[in-house]
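A quick write-up on the structure given underneath.
The values are calculated or read from the model by the stated rules, or taken from the named source; none is laboratory data. Quick caveat, the model's predicted, so the values are computed rather than measured. Here the Cβ positions follow ideal geometry from the backbone for every residue, glycine too, while neighbour counts run over all protein chains shown.
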Amino acid sequence: MTTLAYLIPVALFLGGLALVAFLWALKSGQYDDLDGAAERVLLDEDDALPADPRAGRR
Amino acid sequence: MSCCAPGAEVLGTPSATLPEGEELLLASRSLGNGERQVELAVPDVHCGACIHAVETALRRVEGVTGARVNLSTRRVAVRWREGLAPPPVAAALAAIGYPPHLFEDEAGRDRTLSELLRAVAVAGFAAGNVMLLSVSVWSGAEGATRDLFHWISALIALPALVFAGRIYYRSAFNALRHGRMNMDVPIAIGVSLAYAMSLYETLTHGAHAYFDASVSLLFFLLIGRTLDHVMRDRARAAVRGLSRLMPRGAVVLAADGGRDYRPVETIEPGMRLLIAAGERIPVDARVIAGTSDLDCALVTGESRPQPVEPGAAVRAGTLNLSGPLTLEAERPASASFLAEMVRMMEAAEGGRARYRRIAERVSALYAPVVHLTAFVTFLGWMAVDGDWHKAITVAIAVLIITCPCALGLAVPIVQVVAARRLFENGVMVKDGAGLERLAEADAVVFDKTGTLTLGRPRLVGAEALAPELHAIASALAAHSRHPLSEAIAEAAPRGVATPVFETVAEHPGLGLEGRMDGRLWRLGRAAWAAPTEAAEGEDGTVLAEDGVVRARFHFADALRPGAREAVATLARTVGPVTMLSGDAEPACRAVAAALGIADVAARLMPGDKVARLAAMAAGGRKVLMVGDGLNDAPALGAAHVSMAPATAADIGRNAADFVFLRDSLAAVPVARAIARRAGRLIRQNLALAIVYNVIAVPIAILGHVTPLVAAIAMSASSLLVIGNALRLAGGPGEAAAPVAPAPRRNTLSAPVTAR
């Protein structure tokens, strides 16, 4: 029984962490361009990374 | 979607004019940190290499501070420092082969989608954790442990119910307030009652709590709703991404001779406008200087360009082809032809407004039946053993087991799969209801110019021309953007040396004139090119050498590829096919004869088309209207269901339920076939849901449904309808129907960089 006292909070905390991570990713626009993100991995960025055009909006 | 995915290749043609300078500024917005941003549609971006090429090219443009491509929406956001003139980004993009265009922009980012996604995430988290705790309860947890698990479940389920469930509460409340029933009413009631009852069980140390049922129900239903939304959103985004055909503004000549680019809404009667060749006319106006030809195909359906001179009245939406014009605005944009069409379209709302979706019709019956059953169950148990706690528990179990989980998923999933199937065939569906109405259609009405035909002339009888003469004509024609010139240049004979002219001049409204070896060649209107020879009133196109006719050219509007087969298939599978056109009688007869359409009406005004459709509807017909022009827009709105090509006028595309992106008309029968199969699957799924209820409800009424049974029954029925819906994705197919790759239209137009 005593194991439940910390196992359940740990399980819920980890699940909640994943939920918060997803909501954060959604909010920060990481789901806006899934096709683009898949392709950008393959690009060699010679020059500095471009500033995000959305930066000013946040 | 990768480069080679079907449907990726065409999203309409880029407009001939590139958005630059003032127009770009008008479309941009301030970011508040000293920068401006504009979003451009770049339909040709397909892969990682394209992203790199576009972003690199844009960042090299003077004044640009940042550029980012969104591959999913095929758009690029460009920023520049505020206060500077907009950098020449469109020219830079066109130069590397990605001509951009401005598009219809609506409320920016989609709030509903992110709300739905957040709700799915929260409901999923809650459903997963509550289910884990429930499994422990089912496998034998007792006493204090069971109570603890129930309490934790209640704590997890409450925020999920509030956050994810409010979408349903809101919708159910709205429906009830207007005295209607929808699917969300039984869902909202079932979920909240289940939660309330479980909470009571927990307080009284009971054995059966339905926390898992209420949250997993929400989770499944939200998935269906999100899928439905994503499908519609994707189609809308693709349609919005097509180029705007109507101008945002025009150059206004001030009294002191100054020039000022103004938005269309601020143009008032009496203002003088400068319209360059290749631009569309923004408001109804009168020509005061200049001569040119106007392409009226999109406005009136006339396939031949109309010459205009000072004094002529011109309509908003027509395209100025050959020479610059100075116009005097006669009416403001709010009273122009375009606005008139929008008003007619709203007035003509036809079967669409009266149509109720299958899911709505079912739920209007379903909800009262379910609630009545639960209530009768409650009364029955009260009568049988008088234990109100037991009676309520059983009644709520009935509500949970009948909750329209299968229904909520069955319809959207079939429609999502159908939309995917249509997308592969180059057709965008804007709404699930459109699919249901298309399956019902039993008559077809086509517009002619731009729908059955491509709306651009093609040279006929080119073989009969002497190759040398044709080569001379082609060399002259290459200097003009007039559609007839383009047709001559496109059909240029191969293997003949291209003659070189010393000088070439275009005379708007008349033709082209060039000098070669001291001889004067003219290509154009017969009365101008060879005044002495031309018969009175002769209107043909000729090539003349020093006033002597050397060759005559004849044109016909090219039929859309697949038009004949599509008309034949539709006549066989749907019903009578009619052609309604605003063009002249002979042109209509010729096209109708070539396609085998017997029922033809020519020279129709937009109002006449609507009247025809109304008459057909009054005769009990459910009409599928396919059209592209501004003049078709009211008819598209009035029809039971409507389709438009991607090249259609903006309001036509917005009015239509379906937009097909490729040139081939084969899209129409393909869409119809898919819609019918989808309709069949929806009915099957509804039947499955009913069978499930027939089996499950008696068990629930007899009081044998424990939370475990409810969880298994709900999941099983959902999986069953999803599996059935997915059959649409495979199976024999329309995909095999020959959809010829669309000939790239921009190969015909003059190089866009010329401007």
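Observations, loosely collected:
- Checking each residue in segment B:34-68 for being more than 7 Å from chain A (Cβ to nearest Cβ) and in a loop (DSSP other than H, G, I, E, B) picks out B:34, B:42, B:43, B:44, B:45, B:46, B:61, B:62, B:63.
- When residue B:180 is tested against the conditions (1) assigned to a loop (DSSP other than H, G, I, E, B); (2) buried (at least 21 other Cβ atoms within 10 Å of the Cβ); (3) of a type in the set (D, E, K, R), the lone failure is (2).
- Residue B:154 being on the phi < 0 side of the Ramachandran plot, surrounded by fewer than 23 Cβ atoms within 10 Å (Cβ to Cβ), within 14 Å of chain A (Cβ to nearest Cβ) and among the hydrophobic types (A, V, I, L, M, F, W, C): yes
- Looking only at residues in segment B:101-120 that are more than 12 Å from every other protein chain (Cβ to nearest Cβ) and in contact with a Lys or Arg (Cβ under 9 Å, 6 or more places away or on another chain), the one that is modelled with the lowest pLDDT is B:106.
- Only one of B:506, B:502 that is in contact with a strand residue (DSSP E or B) (Cβ under 7 Å, 6 or more places away or on another chain) and surrounded by fewer than 16 Cβ atoms within 10 Å (Cβ to Cβ): B:502
- Number of residues in segment B:380-427 that are crowded, with 21+ Cβ neighbours inside 10 Å and acidic (Asp, Glu) equals 0.
- Residue among B:144, B:123 that is within 13 Å of chain A (Cβ to nearest Cβ) and either under 30 Å from residue A:27 (Cβ atoms) or touching a helix residue (DSSP H, G or I) at 6+ places or on another chain (Cβ under 7 Å) (or both): B:123
- The set of residues in segment A:1-42 that are touching a Ser or Thr at 6+ places or on another chain (Cβ under 8 Å) and modelled with pLDDT of 90 or more is empty.
- Residues that are surrounded by fewer than 21 Cβ atoms within 10 Å (Cβ to Cβ) and either basic (Lys, Arg) or modelled with pLDDT under 90 (or both) within segment B:654-676 comprise B:654, B:676, listed in sequence order.
- Meets criteria (out of contact with any Leu (no Cβ under 9 Å at 6 or more places or on another chain), modelled with pLDDT under 85 and facing chain A (nearest Cβ under 9 Å)) for residue B:31: yes
- All conditions but one from (1) within 20 Å of residue B:439 (Cβ to Cβ); (2) free of Cβ contacts under 8 Å to residues at least 60 places away in the same chain apply to residue B:624; the one that does not is (2).
- Hey, residue B:519 at pLDDT below 85, over 38 Å from the mean Cα position of the chain (by Cα) and of a type in the set (Lys, Arg) or not: no
- Segment B:69-82: number of residues that are touching a helix residue (DSSP H, G or I) at 6+ places or on another chain (Cβ under 7 Å), assigned to a strand (DSSP E or B) and surrounded by fewer than 18 Cβ atoms within 10 Å (Cβ to Cβ): 0
- When segment B:614-630 is filtered for residues that are over 22 Å from the mean Cα position of the chain (by Cα) and either under 30 Å from residue B:295 (Cα atoms) or of a type outside the set (A, V, I, L, M) (or both), the ones remaining, listed by number, are B:614, B:619, B:620, B:621.
- The condition of being within 33 Å of the chain's Cα centre (by Cα), surrounded by 15 or more Cβ atoms within 10 Å (Cβ to Cβ), farther than 30 Å from residue B:263 by Cβ and polar (S, T, N, Q) does not hold for residue B:336.
- Condition check for residue B:269: surrounded by fewer than 19 Cβ atoms within 10 Å (Cβ to Cβ), touching a strand residue (DSSP E or B) at 6+ places or on another chain (Cβ under 9 Å) and either farther than 30 Å from residue B:713 by Cα or at pLDDT 85 or above (or both): yes
- Those residues of segment B:298-307 which are within 25 Å of the chain's Cα centre (by Cα), farther than 18 Å from residue B:325 by Cβ and either outside the structural domain of residue B:339 (by TED's automatic domain parsing) or not hydroxyl-bearing (Ser, Thr, Tyr) (or both), in sequence order: B:301, B:302
- Of all residues making up segment B:128-141, the number that are within 11 Å of chain A (Cβ to nearest Cβ), of a type in the set (Gly, Ala, Ser) and assigned to a helix (DSSP H, G or I): 2
- Tally, over segment A:5-41, of residues that are at the interface with chain B (Cβ under 7 Å from one of its Cβ atoms) and farther than 20 Å from residue B:163 by Cα: 8
- Set B:558, B:566, B:598: member being over 22 Å from residue B:300 (Cβ atoms), hydrophobic (A, V, I, L, M, F, W, C) and crowded, with 16+ Cβ neighbours inside 10 Å: B:566
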